[in-house]
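Student: Got a structure here, written out as structure tokens. Questions coming.
The values are calculated or read from the model by the stated rules, or taken from the named source; none is laboratory data. Since the structure is predicted, the reported quantities are computational estimates derived from the model, not experimental observations. Backbone-built Cβ (ideal geometry, glycine too); neighbour counts: all protein chains shown. We work out accessible area using only protein heavy atoms, side chains counted, and drop any ligands, DNA or RNA first. Shrake-Rupley method; radii C 1.70, N 1.55, O 1.52, S 1.80 Å.
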Amino acid sequence: MFNGLPDYLKIQPPAQVSTLYAQRAGTQVPIASFFAQDRTDVSWSGTDEMLKSAVLAAEDPRFFEEGPIDVVGTIRAAAANAAGHQLEGGSSITQQYVKNVLVQQCDALTDARASKNCYQQVTATTLQRKTQELRYAGEVSKQYSKDQILTAYLNLVGFGGNIYGAQAAAEYYFGVSADAVSLPQAATLAAIINSPSDLRIDQPGNAANGAANHYARTLARRNYVLDRMYVNHRITAGQRAAAKATTIQPHLTAATSGCTAAAAVDAGFFCEYVKDELLNDPAFGKTATDRWAALNRGGLQIYTTLKLGLQQQAQQALDAYIPSTKPGMHLGASNISVEPGTGHIETMVENKSFDESSQAGPGATAVNFNTDSAYGGSQGFQTGSAFKAFTIAAWLEAGHTLSEMIDASHHTFPMSDFHSSCGPVSGPPWQVSNDEDRHRG
């Protein structure tokens, strides 16, 4: 029966962070990120040896000696299950990796109901599910080395909320890279893996596991990890004692998904425009859902023509003349500059602060005045007298002079009077009038 189970596990790349760049002094620099899961993959050397040791000591101390299955842990779990206790896992790192791969496949489904049903199947506490997991683990161990499996596991596993992988977890909880964590930090991260939703340390007001009780649940699990590291000869007694004497002190450094981060360099509205370009362009997916997944899960590197030095100057110039608010007026102003010949956008500013929240005040908005509704929400503005300059230029280019007189009493023009390089112009006659029905002469 076991050999008859499917053995091929399709391992898809996990959700990755997409990064938006702009130019500063000729160099592309990141200004915003988009993600459904905060994750940054690192190589084997990108994770500190102490963190690897902490995870192995707590989760699978026999990982490098065993096959794909932790036989001792499995026998222990089987005995507990036979005695009527809750179904236990006894999972090796390889088995846990398989389970996380399956969970990620469910999470990648764009249909919410299908995703929920998939998750229930791959996490069900049943013998059938566990047996299939073992079958997959056996094949994974044939295809990949122990180092590769552990690296993939540390890049995939959840650490609470939308924090995934050791690198994102180290950065978020402690403000350091995964290759620079201390022993207490490494043991804390390894502790969180056991139950991410309960042991996360980013909720200081949590009565059961918060700042008031020094993150008691996580602290207990962390000290257990330290004990296991000592028993398995990963650390000395002195290191264990010193680490246990250290309190858990989060230094939360949250990564922001969306264009709020870009607002810090006056590029929030441009960021929103680029985001909407991606979400509207079929080149990034056939459906809107596919395009959202490409942006928030695909790990795109998005390079743009925005020049941050000019952008700052443009914002300062606009702010100097047009305030964000004015009593008695709905005042909006925008300014965009493009490179002649290419159309490359170099600056895009407006007289409001970028704010995506529902509590944005009168001087802030998420509506981009530089674009139309599909690319930022604006309904556009009347061009008004700005077109007078273009009309006069065309008049002079056609050979007329500024002293000529014309009859302006004629207000109806058939479409046949107009010509376009794009093709025939058709439609009812144009009834020319001012926005206000005055000054028709």
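Student: Run the 1.4 Å probe and let me know the accessible area of Trp430, rounded to the nearest 10 Å².
Tutor: Here the accessible area works out near 130 Å².
Student: For the chain, what is the accessible area per residue in Å² when the probe is 1.4 Å? Working shown, then result.
Tutor: Numbers: 24290 Å² over 441 residues.
I get 55 Å² per residue for this part.
Student: Straight-line reach from Lys326: which lysines have a Cα under 26 Å away, not including same-chain ones fewer than 8 places off?
Tutor: Lys326 reaches Lys352.
Student: Name every cysteine in the chain that ends up alone, with no second cysteine's Cβ under 4.7 Å, or say none.
Tutor: Cys with no partner Cβ under 4.7 Å: Cys422.
Student: Per the Kirkwood formula on distinct C-alpha pairs, the Rh of the stretch 236-304 is how many angstrom?
Tutor: Numbers: mean 1/r = 0.0650 Å⁻¹.
Value: 15.4 Å, from the Cα pair sum.
Student: Tell me, what is the Rg over Rh of the stretch 180-300, with Rh the Kirkwood radius over Cα pairs? Walk me through the intermediate numbers first.
Tutor: Details: Rg = 21.0 Å, Rh = 17.6 Å.
Ratio value, two decimals: 1.19.
Student: Suppose every K and R has +1 on its Cβ and every D and E has -1 on its Cβ; what is the size of the dipole of the chain about the Cα centre, in Debye to the nearest 20?
Tutor: Values: 32 positive and 41 negative charges, 381 e Å.
Roughly 1840 debye for the chain.
Student: Straight-line reach from Lys388: which aspartates and glutamates fall under 15 Å, measuring Cα to Cα and dropping same-chain residues less than 8 apart?
Tutor: Glu397, Asp435
Student: Would you mind checking the tilt of helix 386-397 against the longest principal axis of the Cα atoms of the chain, expressed as 0 to 90 degrees and rounded to 10?
Tutor: 60 degrees
Student: Excluding Leu278 itself, what net charge comes from residues whose Cβ is under 13 Å from its Cβ, given Lys and Arg +1 and Asp and Glu -1? Spell out each step's value before the answer.
Tutor: Numbers: positive: Lys275, Arg291, Arg297; negative: Glu272, Asp276, Glu277, Asp281, Asp290.
Here the count lands on -2.
Student: If you don't mind, there's one more thing I want to ask. With every protein chain left in place and a probe of 1.4 Å, what is the accessible surface of Cys271, to the nearest 10 Å²?
Tutor: Number for this one is 0 Å².
Student: Ile149: accessible area at probe 1.4 Å, nearest 10 Å²?
Tutor: My reading of the accessible area for Ile149 is about 0 Å².
Student: Enter the angle in degrees (range 0 to 90, nearest 10) between the Cα long axis of helix 93-107 and the first principal axis of the Cα atoms of the chain, meaning the one along which they spread out most.
Tutor: On a 0 to 90 degree scale, this one is about 30.
Student: Additional query: I need two numbers for the stretch 92-247: Rg to one decimal and Dmax as a whole number, Cα atoms only, in Å.
Tutor: Radius of gyration, then largest Cα-Cα span, for the stretch 92-247: 17.1, 52 Å.
Student: Among all the lysines, which ones have a C-alpha under 20 Å from Lys286's C-alpha, if same-chain residues fewer than 8 places away are not counted?
Tutor: Within reach: Lys275.
Student: Roughly how many percent of the accessible protein surface of the stretch 351-428 is carbon and sulfur, given a 1.4 Å probe and a whole-percent answer? Before the final figure, lay out the partial values.
Tutor: On the way: 3440 of 5770 Å².
The nonpolar share, carbon plus sulfur, comes to 60 percent.
Student: Measure nothing but the geometry: give the 0 to 90° angle between the long axis through the Cα atoms of 268-280 and the longest principal axis through the Cα atoms of the chain, rounded to 10°.
Tutor: It is inclined by approximately 80 degrees.
Student: Sticking with the crude label model, points 7 Å out along Cα→Cβ, report the distance from Phe381 to Gln121 in nm, one decimal please.
Tutor: 5.4 nm
Student: Once the mean 1/r over all distinct Cα pairs of the chain is inverted, what Kirkwood radius in angstroms do you read off? Can you show the working numbers first?
Tutor: Working: mean 1/r = 0.0375 Å⁻¹.
Averaging 1/r across every pair of different Cα atoms and inverting gives 26.7 Å.
Student: Now a separate question. What number, in percent, do you get for the relative contact order of the chain if the mean sequence gap of Cα pairs under 8 Å and at least 6 apart is divided by its residue count? Don't skip to the end; give the middle numbers.
Tutor: Details: 676 pairs, mean separation 72.5, N = 441.
Relative contact order, the chain: 16 percent.
Student: Below 8 Å, C-alpha to C-alpha, sequence gap of six or more: please give me the relative contact order for the stretch 333-398 in percent.
Tutor: Working: 71 pairs, mean separation 12.6, N = 66.
Taking the mean separation of contacting Cα pairs over the length of the stretch 333-398, I get 19 percent.
Student: Between Ser195, Gly341, Tyr321, whose Cα lies farthest towards the positive end of the dipole of the chain when Lys and Arg beta carbons carry +1 and Asp and Glu beta carbons carry -1, centred on the Cα centre?
Tutor: The residue sitting most towards the positive pole is Ser195.
Student: Now for a different question. Multiply the residue separation of Ala398 and Asp198 by 0.36 nm, subtract the distance between their alpha-carbon atoms, and state the gained length in nm to one decimal. Before the final figure, lay out each step's value.
Tutor: Values: separation 200, 0.36 × 200 = 72.00 nm, distance 7.52 nm.
The span from Ala398 to Asp198 would gain 64.5 nm if fully extended.
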